[in-house]
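Data block below; observations after.
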Amino acid sequence: MAIDYQQLAVRIKQWAQELGFQELGITGTDLTKDEPKLQAWLDKGYHGDMQYMAEHGMLRARPAELLPGTLRVLSVRMDYLPAQAGFATNLADPAKAYISRYALGRDYHKLIRNRLKQLAQKIRTEIPELGFRPFVDSAPLLERPLAQQAGLGWVGKHSLLLEQSVGSWFFLGELLVDIPLPVDEPHQGDCGSCVACITSCPTGAIVEPYVVDGRRCISYLTIELKTAIPETLRPLIGNRIYGCDDCQLVCPENRQAPLSIEADFQRRPQWQDQNLLQLFAWDEATFLRLTEGSAIRRIGFERWQRNIAVALGNAPYQSEITDALQKARAHSSALVLEHIDWALAQQKRKSWQAANLLPRATERLVRIVQKGLPRDA
């Protein structure tokens, strides 16, 4: 009996929604047009220390080489914006830690991969011999161009996938399959003349529309970079200790972005209004316990301390910050120590400025008052 792939595609999309995906699109495997852009990005060294990007080379644009026999890519979207995102509260208070909103709940990799496997098993009820392989940031794959080809949105000037009225607060995943399903129409949206993400990036990482210099991106600096954060970029990081959402926060398409209905993506209690000093006081055992099942654990305790030390250096002067940094010097690694000493220098400079600017301001105020007094006063 011949398989009706048109009807199967309809059922696959229904199954995807039943499994918690907000959308599923189907595309082929041809990413030839994206290879020159990928090569140019690599040639400029924008991948920084992420050597796996260069090692895999054009494999990222060739899904069929990841799973021989692949005919289609099922691209899925799952919203992750938590109900209690706390954007303004965290970014407005430099004494509090800002963590990228995607990392406030459970690590999405395992959850989405398991859902994709369940989807494949449902397809196998129709096609027992189905060959498949799920991906969630777990292999070299240009997931955003694939998602655009599958109709899920367009690649914005900040390089993230965007969809009108949906925004960009969602994860992507892919299921490679070896069946000739009908493909969806590519998304034709674009950002128009908007450059909000480019002008708002704290470190100027979006060097031109659709091109991000990963070496300057705060997400790269706080998550991917394993060595010291360049000194010139440290002041620009502010209180962002894990990732950055600025380019998404200013994007007009995110004004009506839906909230996630996934319980696992909601903010965990330990990330509710935590100030930097509280987080810096964690020992490694506490860090491992409270980041269990979280994407944050992947950076390890050393880089966690490194990032918070930078944020403490950027915070307004407090004697408590200086005391905490000095105390941590005795048991910190060389990498963390470098950032602690930088933070101490920043705090010392701010302390000096506060001590010297206040008397000057007072003297100026006195002169202004005296100048305005009557002659016989």
Restrict the check to the range 26-40 and report whether at least one residue is in a helix (DSSP H, G or I), modelled with pLDDT of 95 or more and under 19 Å from Leu146 (Cβ atoms). no
Let me confirm something: among Val10, Val73, which residue is buried (at least 16 other Cβ atoms within 10 Å of the Cβ) and either modelled with pLDDT of 90 or more or small (Gly, Ala, Ser) (or both)? Val73
Residue under question is Glu320, and the condition is that it be touching a residue at least 40 places away in the same chain (Cβ under 8 Å) and either surrounded by fewer than 19 Cβ atoms within 10 Å (Cβ to Cβ) or touching a Pro at 6+ places or on another chain (Cβ under 7 Å) (or both); does it hold? yes
Which residue, of Arg124, Arg113, is in contact with a Pro (Cβ under 6 Å, 6 or more places away or on another chain) and modelled with pLDDT of 95 or more? Arg113
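Under the condition of being of a type in the set (A, V, I, L, M) and farther than 12 Å from Glu163 by Cα, which residue from the range 245-264 is modelled with the lowest pLDDT?
Pass one, the range 245-264, residues of a type in the set (A, V, I, L, M): 249-250, 257, 259, 261, 263.
Now restrict to residues that are farther than 12 Å from Glu163 by Cα: 249-250, 259, 261, 263.
Working: Leu249: 94, Val250: 95, Leu259: 94, Ile261: 91, Ala263: 95.
Looking at the filtered set, the residue picked out is Ile261.
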Looking at (1) in contact with a Lys or Arg (Cβ under 8 Å, 6 or more places away or on another chain); (2) under 30 Å from Pro180 (Cα atoms); (3) at pLDDT below 80, find the lone condition where Gln84 falls short. (2)
Every residue from the range 304-356 that is assigned to a helix (DSSP H, G or I), modelled with pLDDT of 95 or more and hydroxyl-bearing (Ser, Thr, Tyr): Ser319, Thr322
Could you pull out the residue among Arg234, Arg267, Arg240 that is at negative phi, at pLDDT below 95 and not acidic (Asp, Glu)? Arg267
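Could you please let me know if Asp184 is more than 18 Å from Cys247 (Cβ to Cβ) and either assigned to a helix (DSSP H, G or I) or not assigned by TED's automatic domain parsing to the domain that holds Leu66 (or both)? Steps first, answer last, please.
Values: more than 18 Å from Cys247 (Cβ to Cβ): yes; either assigned to a helix (DSSP H, G or I) or not assigned by TED's automatic domain parsing to the domain that holds Leu66 (or both): yes.
Yes, satisfied.
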Can you tell me which residues in the range 61-120 are over 19 Å from the mean Cα position of the chain (by Cα) and under 24 Å from Leu290 (Cα atoms)? Asp93, Pro94, Ala95, Asn114
Among the residues that make up the range 27-49, is at least one of them of a type outside the set (Gly, Ala, Ser) and touching a Gly at 6+ places or on another chain (Cβ under 7 Å)? yes
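The values are calculated or read from the model by the stated rules, or taken from the named source; none is laboratory data. All of these numbers come straight from a predicted model, not from anything done at the bench. For neighbour counting, all protein chains shown are included, and Cβ atoms are generated from backbone atoms with ideal geometry for every residue, glycine included.
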